[in-house]
Structures are given as C-alpha cells and as structure tokens.
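To keep things clear, I will list the structure first and then write my remarks on it.
The values are calculated or read from the model by the stated rules, or taken from the named source; none is laboratory data. The model shown is predicted, which means the values in this text are computed figures rather than measured ones. Note that each Cβ is placed from the backbone with ideal geometry, even for glycine, and that neighbours are counted across all protein chains shown.
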Amino acid sequence: MSRTIGRNFLGLSALLGLFAVAAAAQPTNDLCTNPQPQVELTFVGDSTGANNDGAASCGGTNDVWFVYNGTVTGTLAVDTCGSSFDTVLAAFTACGGTELACDDNSGCGSTSLVTFAVTPNTSYLLRVAGVGGATGPIVITASVVPDGSSRPANDNCASATEVGDGSFSSNTAFSTTDGVAPCVTSVASGKDIWWKFTAPATGTATIDTLASDPNFDTVLSVLDACDGNTLKCNDDADSTTLASRVTLNVTQGTSYLIRVAGSLGLTNAVTLTIQTNAGGGGGNGNTNGGGGGNGNTNGGGGGNGNTNGGGGGNGNTNGGGGGNGNTNGGGGGNGNTNGGGNDNTNGGIADDIPQCNCGPGAATMMPLTILSLAALKLGRRRNRSVR
Ligand SMILES: [Ca+2]
Ligand SMILES: [Ca+2]
Ligand SMILES: [Ca+2]
C-alpha cells in the first residue's frame, strides 16, 4: 500500500475534511453541534485540545463528535480500534438526546465498540471521549450490516475459522475491526477477518492473499493468540502487488491467528492460501561437532556428520537428500532438486551436483521464474493504472 496510500488517503482526506483539525488547536468537531461526518470506512480524527460538552453513562471527558447518517435499516457497529489513547464511545439520538449505546473497553486494547440499530434518513451522534482526560489521534471505523445480511462468521478473533494448509475463501464485507496491524498506520488496517491455523508439520509456512482480487489492498498479520503478540505482518508482498504475504517458522500442532484486513476499511472477497513446507530433519552430529543439515521445501533431509566435524548437508527442493560426511571432516553434500551426494573419508568436498531428474539446473530456472513474475505484475500494474 505504500505507493497507493498517499493517493487513496489524501483523496479520502480531502473528501472527508479529515485534516481540518490543526494540531494543538481546538478540534473543529469539539462541540456536538458541529460533528464530523462519519462514513463506513476507517478514518482519523483528533481530540487534542478538545473541551468537554457532553456526558455519557460510561464516562469520559474531553470529547469530540461525529455524526453518522443512516442509509439502511440494520445494525451499526462503530469502534475506535487503533486510537492512541483509552477511549470511551457513546451514541445519541441528538445533542442532549437519548443515549443509544455506551462502551469503554470492548474494542481492541482499551478502545471502544458500540452497536445499535439504525434506520435510513436518521442521524446518530457519536461521542469519543478519553479516560482520565486523555486526548489524541483517533481512529474510528463504522460498519453497518443491513437487516437480512450478517457479519462474517470469522469477524472476531475469538470465532476465527479453523484451518490447516490449503486455500480458503472469505469476505470482509460487514466485518468490524477487532485488531491492529503494527506494520502499517492504524487507519491503513481497518475491518478484519480471522483464521486459526494449526500447523500440520514443523517447518516453514507461507501465508498469502495473492489469489484475492488484485485491486484489494490487504494487510496480513499472524499472531500467537487473540490480543497476543504479532509474529509477522505484511502490507504488500512486493512493490508490484497490493496483496500480502508472510513466511514464518511453525511448529506442528501449534495454532496461529491470521488476521486479514482491508486498507482504509475497504472490504472485498479474500482468498487466503497457506502452505507448510516441512523442514527436513537436522543431521546427526557425532563426535566433534558434525553439523546438522537444513531441509528447505518439501522435506529435504539433513545430512549426517560423523567424526571430527563432518558437515551436514542441505536438502533443497523436493526432498534432496543431504550428504553424509564421515571421518575427518568430510563435507556434507547439498541435495538440490531430487537428490544430493555423499562425500566420505578425509575431507571430501561438498557435493552440490544434482544427481538425477535434473533437467535445467536450478540456477538457470530461478531467474527465469522471477523475471516472468515481474513481467506479469508490471503488466497487471499497467492495466490497472489505465482504468
Ligand atoms: Ca476505553
Ligand atoms: Ca473483525
Ligand atoms: Ca497491501
């Protein structure tokens, strides 16, 4: 999103007048009688310098105001996930009117989440206040679900869809925000859905949204638990795509929470792909430090190093066997593409010659693949830019 955020965000900002609030000045939406329009996206406000002119059953001071104008009959959710301070959020029928909902900490962290029924052609006043006089930048997201529709089953982290390896379709439409992605600004990672991935093997898992609509700017993160630590986070897989990809080490039987959000609170269909590559077994090091091997991609076996530092082998791609290094520092072999070699006795050199089923060597295949992918993405990028 790094390239497009400027364009999208500035465009939205101009549309919504988001930066009308000057730093350290009184916010333009300080008073209930002059609220900032709220739409169904993720955007920013700022209560710095705000005075208090409202009251809510769950407290808060130094409030600023937003107004949401109903367009359908349904249920509106508004959250302050990503805000910089401990918020309190309340909804009213009018300035000084009936309180429809009030919440302190149901959002992510110490932020707030309220839900209430809405109808077309009706305005709802939203009060964002701080606990203990706190003020600062606010991130606020609104998401209405019309009667007859429903939020995604995996909207909340606690109800994440359980998966293993594979490809999974879902949609962020009507989702709400219940997490943040530390690799982007809060406003750049809004409405989210969740999967709970249990690793089928110990090794490396690659998780991506690359099969989603190429125009959907996703942000992908992996956590060790709901409200836990973020292990990996990615906005754009590379400079030519808006989709996301992460690779992480995983342990068989361990579960990981996967969050996919749309930039700026935009929503769309998501295809999530997960592939675990079981790391080959590390080699055996017997007597004086034989090194264990590395197994990359589909279970390459690690080599054995026996006596005086035989090096373990590397097994790359489709189960290349690592070599055995026996007696006085025999070098372990690298097994590239279906089969590595053995080096035995008195310092045999490492064998990295493909043994069978070799076809074109890996060294010539890889650049061609990268170039082809780059050409495809550049072509797609050009196509998109002329729409
Ligand atoms: Ca709070
Ligand atoms: Ca959510
Ligand atoms: Ca992205």
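Put simply, of Asp236, Asp178, Asp227 the only residue that is within 16 Å of ligand 1 (Cβ to nearest atom), over 25 Å from Val39 (Cα atoms) and not aliphatic (A, V, I, L, M) is Asp227.
A single entry from Thr61, Thr48, Thr93, Thr33 fulfils the requirement of being crowded, with 17+ Cβ neighbours inside 10 Å, at negative phi, out of contact with any helix residue (DSSP H, G or I) (no Cβ under 9 Å at 6 or more places or on another chain) and of a type in the set (Ser, Thr, Tyr): Thr48. Listed by position, the strands (runs of 3 or more DSSP E) inside region 195-257 whose residues that are over 14 Å from Cys183 (Cα atoms), modelled with pLDDT of 95 or more and touching a strand residue (DSSP E or B) at 6+ places or on another chain (Cβ under 9 Å) number at least 3 are 203-208, 245-250. Number of residues in region 71-98 that are away from ligand 1 (no atom under 14 Å from the Cβ) and in a loop (DSSP other than H, G, I, E, B) equals 9. Listed conditions (1) within 15 Å of ligand 3 (Cβ to nearest atom); (2) at pLDDT 95 or above; (3) not acidic (Asp, Glu) are all met by Gly265, apart from (2). Checking each residue in region 140-181 for being outside any loop (DSSP other than H, G, I, E, B) and within 14 Å of ligand 2 (Cβ to nearest atom) picks out Thr141, Ala142, Ser143, Val145, Cys157, Ala158, Ser159, Thr161, Ser170, Asn171.
Would you mind stating whether Asp104 is away from ligand 2 (no atom under 15 Å from the Cβ), modelled with pLDDT of 95 or more, assigned by TED's automatic domain parsing to the domain that holds Pro137 and crowded, with 20+ Cβ neighbours inside 10 Å? Answer is yes for this residue.
Of everything in region 16-44, what is of a type outside the set (A, V, I, L, M, F, W, C), closer than 17 Å to Leu125 by Cα, modelled with pLDDT under 90 and assigned to a loop (DSSP other than H, G, I, E, B)? Give them in sequence order. Result: Glu40, single match. With respect to the conditions (1) of a type in the set (Gly, Ala, Ser); (2) closer than 23 Å to Ala173 by Cβ; (3) without any contact (Cβ under 8 Å) to a residue 24 or more places away in the chain, Gly82 falls short on a single one, namely (3).
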